Amino acid sequence: MRGIVKKINPKNGYFAIEIERNLYSIFEMLSSNSIDIGDIITGQLQEWGEAILTNESKAETINGIIQNYDCTEQQLKQQLKF
């Protein structure tokens, strides 16, 4: 699956990946890679738990945890804790 980074909370390492129009996966980054809004991310974006994703924009691997998927904008605000 492929998505685009739309929102980032650098305080807790969470970011939202839009996987379909107005549906998002929430990923908690455990590695020290840099992620920017607009980056293209690929991998298992619709499965809870540990995941290794690829940042195609920067040709990097990202380790972390899918915290939630198929989220709406309202769920993002709650889970990303802005």
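Some notes on this structure:
- Residues satisfying the stated conditions in the range 1-29, i.e. part of a loop (DSSP other than H, G, I, E, B) and either surrounded by 16 or more Cβ atoms within 10 Å (Cβ to Cβ) or at pLDDT 90 or above (or both): Met1, Gly13
- Failed item in (1) in contact with a Ser or Thr (Cβ under 8 Å, 6 or more places away or on another chain); (2) part of a strand (DSSP E or B); (3) surrounded by 15 or more Cβ atoms within 10 Å (Cβ to Cβ); (4) not polar (S, T, N, Q), with Leu45 passing the rest: (2)
- Looking only at residues of the range 30-42 that are of a type in the set (A, V, I, L, M) and assigned to a strand (DSSP E or B), we find that the one that is most open to solvent (accessible area, probe 1.4 Å) is Ile40.
- For the range 48-82, the candidate set comprises residues that are part of a loop (DSSP other than H, G, I, E, B) and either among the hydrophobic types (A, V, I, L, M, F, W, C) or touching an Asp or Glu at 6+ places or on another chain (Cβ under 9 Å) (or both); within that set, the residue that is most open to solvent (accessible area, probe 1.4 Å) is Trp48.
- Selection count where residues are in contact with a Phe, Trp or Tyr (Cβ under 9 Å, 6 or more places away or on another chain) and closer than 17 Å to Asn33 by Cβ, scope the range 44-66: 7
The values are calculated or read from the model by the stated rules, or taken from the named source; none is laboratory data. Model, not experiment: these values are computed from the prediction. No Cβ is skipped: glycine too gets one built from the backbone with ideal geometry, and neighbour counts run over all protein chains shown. In case anyone asks, the SASA skips ligands and DNA or RNA and just uses the protein heavy atoms, side chains included. Shrake-Rupley method; radii C 1.70, N 1.55, O 1.52, S 1.80 Å.
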